[in-house]
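Everything on this sheet refers to the single structure shown next.
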Amino acid sequence: MKRLFLLIFLLLAARPGMALTFDEARHLLARTGFGSPSRYEIERLLQYSHDSAVEEIFGFVIARPFTQPLSDLDQPLPGRAERQTLSDAEKMDFRKDINERGLALKAWWWGEMLATDSPFTEHMVLFWHNHFTSSLQKVKWPGFLYRQNLLFRDHALGNFGDLLKEITHDPAMVLYLDSQANRKSQPNENFARELMELFTLGEGHFTERDVKEAARAFTGWNFDPRSGEVVFNARQHDPGIKQVLGQNVRTGEDVVRVLLEHPQTARHLVKKLWLEFVSPEPDEAELQRLAALLRDNNYEIRPVLKALLTLPAFWAAENKGSLIKSPVDIAVGSLRLLGIKSMDGKRLAHLGKALGQDLFDPPNVKGWPGGQAWITSTTLSRREQLLRRLARGRESDGADPGLGAGYNPLALDNPSAMPSLADLDREANPRSVATMKRLMLAIPPVDPVAETGISLRRAALQLFLDPAYQVK
Amino acid sequence: MTGSFSRRDLLALGLGAAGTAFLPRNGRAAPAWDRTLVMIELNGGNDGLNTVIPYNDPLYAKLRPRLAIPRDKVIHLSHDLGLHPALAPLMPVWKEQELSILLGLGYPKPNRSHFRSIEIWETASDADKVASEGWVADLLPEPRLPPAGSAQHPAHVLVLGNSSPGPFEGGNLAVVTLDRQGLGLKQTGMVGGGGQKNGQDHTKALGHVVATRALNLKAAHQIVPERLAQVKMQAGFPDGPFGSAMESAARLLLAGILPPVIKLSHGSFDTHANQAGTHEKLLGELAQGLAAFRQALLGKGLWDRVLVMTYSEFGRRAQENASHGTDHGTAAPHLLMGGKVRGGFFGTQPPLSQIADNDLIHTADFRSYYSMIAEQWWHVPGLPGFKPLSGPLAA
């Protein structure tokens, strides 16, 4: 008996080296991607150990997007002088044009998420968008938000310190947090405050004086409408000595350095990563360890993220289903689950907005609060409505390629077969419903699921509408 | 909370109530709940100094060289104070003495973070303490409220649009979020019930989903689009999200749906740059929305049963910034309206001669504002240590 226990213990201890189970592969992909990986993605990962599966997912991270936005999205903003010569009708056209470009930008990112081979890249880009927020509503010019999105791609799994330095000179950020108006004669403290409160230290770790002094240090970095770039304007810069967090500084770069030296910055970031990838209840001791790891690695993201995704807490049974799926998870994840890889991006952007996640237009500088706040009575009923339409094949431009086209991720009895749409109208049986449950849900369903006397499509609909589908 | 009894405990024992309108006496049933508090959050921090204007104070023009509203544009209400011209639609309400203006609301050791400060307002905590329960959830005696799910009370709180449910969190209130049209609930159809347990423990996340779905099912039976569509609504509500949310609030009430609380928000008032035009537009929408709301309810005799309150995370810095805007500040005035309100100014305008670090010093604690609503509108005990503001509501 003792030997048996020992054997079991050894087996469990040795697990990280062993190949992933179906459920484990699903969990890893659900958490790093969009909440509901397709059967194809899961099966592809089965050959790997825990460690190498994480490496495999990291290896797919790409800096260049799969799809191209409208070609003129990145064109420079017409200067003020040029705009002043416009007639009223031309001005109206200009505004209309900006609105259309804004929607095209949103449509592009939603479409990219749907089409990409690296959901993890998009997940990280979205993480940074929600950390270093900027909104189209305030920035106005879609090209700058596009440029910022590309910046997040460059640093998706890169170095936090580098990203932080870049973001202080990013045109969208400069316009979003009024660095634009931060001048020597009268500093504007909006950016300095959010830099400390949201981007680095977190609330409660700095004083009002630190904010005011840091704002002075950043004076002079203004947006130049003519070139469309952020440039240093020495005449607007306050060259005096400022005190930030007890240290003497002169420039914005000094402030960033002081913030990166402060241990709270790493703690703040690893806590956010934990909440994003692991569970709503971080383990303080692990956070300390991860924060130290981040600092020891000079703010490289990759090692700390790898550590996070191989922690026992990441794989713990009690943390399965502990995160609420975001609107991106629900919309993009469900479409990908059904094998749908392209759809009208504007329609997707519209759906995302209705579900509470209007990409490029976060509700405020703190970003989307996420977690339980994703689910209100209104958004839950909208999620259910969307899922009902998806299961019926109604969300693909009127046609119904979804459930029938190509490799069907719900192909139940024989994964290598490619069932037609008609196959989903076959009758369900206990075995096929069990397969569906494992594919679609992170935890067992809340409501009893009928297993016979209904079609496969109906069985899928039941699982889509189960509360368990809302968590990952 | 101090001592070993919570307010809810005291209520359960039938002790400590200042008024008793909704408390059963000697075991008799409580009278029917007959009133609605309409909470309007001014998102982003409204500039109080350009809302209620100390136009006679020379320091005002000095602190606001570019943003000061010219003296002859200000709507003079008293010798010292007046309204931003965009608030003109509120003048009939002021003249009927149904608008009270509470001056200088704030709290000690003001926090200038949007998120932390609104959390302080939502939970009625001290600046250096973090509380998890919203003030309405804490003060409204859920056991004495009508059960949620009826035609008149589909929920205890209806939140319209993307407005934070912060003040209602952490207790036992049934909170339902509707879209700005007052809709958004659809019958959840195919799978019935409130979620049978499946042998495994729900994660908190799953528990939240299950509870929200159960609430939806219950409320969906009551708030049906047809019922709202039947209400004849006059014009006058401003265009835009706030106007349409106010119109929906009126529509719900006129359809006989009278939840104890309706919450909506307006904004963004976070005017760091080029404030003048934005602020004028926002205040104009606020005033038009409030005036149209009153008109709609007056006609049906509902105005006496409604109390409208505004709040915001903070006011803005007294000294304008170099971007023709204002930064995060401290104290600000707020508006209270309703058929039962006694109009006028209440409290003390924070003097501009006594600003600290270019910020106003509050003259009344916002928790006394809440205590007043608790004791004089809900007739339940207010927040311990915070005497109700006296005047605007008859005790």
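The values are calculated or read from the model by the stated rules, or taken from the named source; none is laboratory data. Values in this document were obtained by computation on a predicted structure and should not be read as measured data. Neighbour counts run over all protein chains shown; Cβ positions are idealised from the backbone, glycine included. The area values use the complete protein model at the heavy-atom level, side chains included, leaving out ligands, DNA and RNA. Shrake-Rupley method; radii C 1.70, N 1.55, O 1.52, S 1.80 Å.
For the reader, a short list of remarks on this structure follows.
- Meets criteria (without any contact (Cβ under 8 Å) to a residue 40 or more places away in the chain, open to solvent by 20 Å² or more (accessible area, probe 1.4 Å) and more than 9 Å from chain A (Cβ to nearest Cβ)) for B:Asp138: no
- Looking across B:Lys281, B:Lys263, one residue alone is open to solvent by 10 Å² or more (accessible area, probe 1.4 Å), among the basic types (Lys, Arg) and touching a residue at least 40 places away in the same chain (Cβ under 8 Å). It is B:Lys281.
- Check on A:Phe206, open to solvent by 10 Å² or more (accessible area, probe 1.4 Å), modelled with pLDDT of 90 or more, farther than 30 Å from B:Ile120 by Cβ and not assigned by TED's automatic domain parsing to the domain that holds A:Pro369: no
- Evaluation of A:Lys184 against (1) more than 12 Å from chain B (Cβ to nearest Cβ); (2) not in a helix (DSSP H, G or I) (one fails), failing number: (1)
Yes/no per residue for (1) part of a helix (DSSP H, G or I); (2) touching a residue at least 60 places away in the same chain (Cβ under 8 Å):
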residue: A:Arg64; (1), (2): no, yes
residue: A:Asp72; (1), (2): yes, no
residue: A:Ala81; (1), (2): yes, no
residue: A:Asp93; (1), (2): yes, no
residue: A:Lys96; (1), (2): yes, no
residue: A:Arg101; (1), (2): yes, no
residue: A:Gln137; (1), (2): yes, yes
residue: A:Gln148; (1), (2): yes, no
residue: A:Phe152; (1), (2): yes, no
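Results for (1) surrounded by fewer than 15 Cβ atoms within 10 Å (Cβ to Cβ); (2) modelled with pLDDT of 95 or more; (3) under 28 Å from A:Met113 (Cα atoms), shown as yes or no for each residue.
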{"site": "A:Pro225", "(1), (2), (3)": "no, no, no"}
{"site": "A:Val244", "(1), (2), (3)": "no, yes, no"}
{"site": "A:Val249", "(1), (2), (3)": "no, yes, no"}
{"site": "A:Val270", "(1), (2), (3)": "no, yes, yes"}
{"site": "A:Glu276", "(1), (2), (3)": "no, yes, yes"}
{"site": "A:Leu287", "(1), (2), (3)": "no, yes, no"}
{"site": "A:Ala313", "(1), (2), (3)": "no, yes, yes"}
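Yes/no matrix, rows are residues, columns are (1) at pLDDT below 95; (2) under 24 Å from the mean Cα position of the chain (by Cα); (3) in the same structural domain as B:His279 (by TED's automatic domain parsing); (4) not in a loop (DSSP other than H, G, I, E, B):
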{"residue": "B:Gly3", "(1), (2), (3), (4)": "yes, no, no, no"}
{"residue": "B:Ala18", "(1), (2), (3), (4)": "yes, yes, no, no"}
{"residue": "B:Trp33", "(1), (2), (3), (4)": "yes, yes, no, no"}
{"residue": "B:Leu59", "(1), (2), (3), (4)": "no, no, yes, yes"}
{"residue": "B:Asp80", "(1), (2), (3), (4)": "no, no, yes, no"}
{"residue": "B:Trp94", "(1), (2), (3), (4)": "no, yes, yes, yes"}
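Conditions tested, residue by residue: (1) surrounded by fewer than 19 Cβ atoms within 10 Å (Cβ to Cβ); (2) over 30 Å from A:Leu201 (Cβ atoms).
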{"residue": "A:Pro69", "(1), (2)": "no, yes"}
{"residue": "A:Arg95", "(1), (2)": "yes, yes"}
{"residue": "A:Gly111", "(1), (2)": "no, yes"}
{"residue": "A:Val125", "(1), (2)": "no, no"}
{"residue": "A:Lys138", "(1), (2)": "yes, no"}
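- Candidates are the residues of the stretch A:438-462 that are open to solvent by less than 10 Å² (accessible area, probe 1.4 Å) and away from chain B (no Cβ under 13 Å); the one that is farthest from A:Gly333 (Cα to Cα) is A:Leu456.
- Members of the stretch B:108-124 found to be part of a helix (DSSP H, G or I) and either within 16 Å of B:Ile361 (Cα to Cα) or among the charged types (D, E, K, R) (or both), listed by number: B:Arg116, B:Ser117, B:Glu119, B:Glu122
- Just one of (1) within 7 Å of another protein chain (Cβ to nearest Cβ); (2) modelled with pLDDT of 70 or more; (3) assigned to a loop (DSSP other than H, G, I, E, B) fails for B:Arg180. It is (1).
- Restricting attention to the stretch A:345-366 and to residues that are more than 14 Å from every other protein chain (Cβ to nearest Cβ), assigned to a helix (DSSP H, G or I) and touching a helix residue (DSSP H, G or I) at 6+ places or on another chain (Cβ under 7 Å), the residue that is farthest from A:Leu105 (Cα to Cα) turns out to be A:Leu351.
- Single residue of the stretch A:365-390 satisfying the filter (modelled with pLDDT under 90 and open to solvent by 30 Å² or more (accessible area, probe 1.4 Å)) that is farthest from A:Glu112 (Cα to Cα): A:Thr376
- Residues of the stretch B:302-317 include at least one that is over 20 Å from the mean Cα position of the chain (by Cα), within 14 Å of another protein chain (Cβ to nearest Cβ) and crowded, with 19+ Cβ neighbours inside 10 Å.
- Count of the stretch B:212-237 residues, restricted to those that are assigned to a helix (DSSP H, G or I), open to solvent by less than 60 Å² (accessible area, probe 1.4 Å) and within 12 Å of chain A (Cβ to nearest Cβ), is 8.
- Lone unmet requirement of (1) open to solvent by 10 Å² or more (accessible area, probe 1.4 Å); (2) part of a loop (DSSP other than H, G, I, E, B); (3) within 14 Å of another protein chain (Cβ to nearest Cβ) for A:Ser342: (3)
- When A:Thr168, A:Thr207, A:Thr251 are screened for being β-branched (Val, Ile, Thr) and within 29 Å of the chain's Cα centre (by Cα), only A:Thr168 passes.
- Residue count for the stretch B:238-260 under the criterion of being open to solvent by less than 10 Å² (accessible area, probe 1.4 Å), in contact with a strand residue (DSSP E or B) (Cβ under 9 Å, 6 or more places away or on another chain) and either more than 26 Å from B:Arg227 (Cα to Cα) or away from every other protein chain (no Cβ under 14 Å) (or both): the result is 7.
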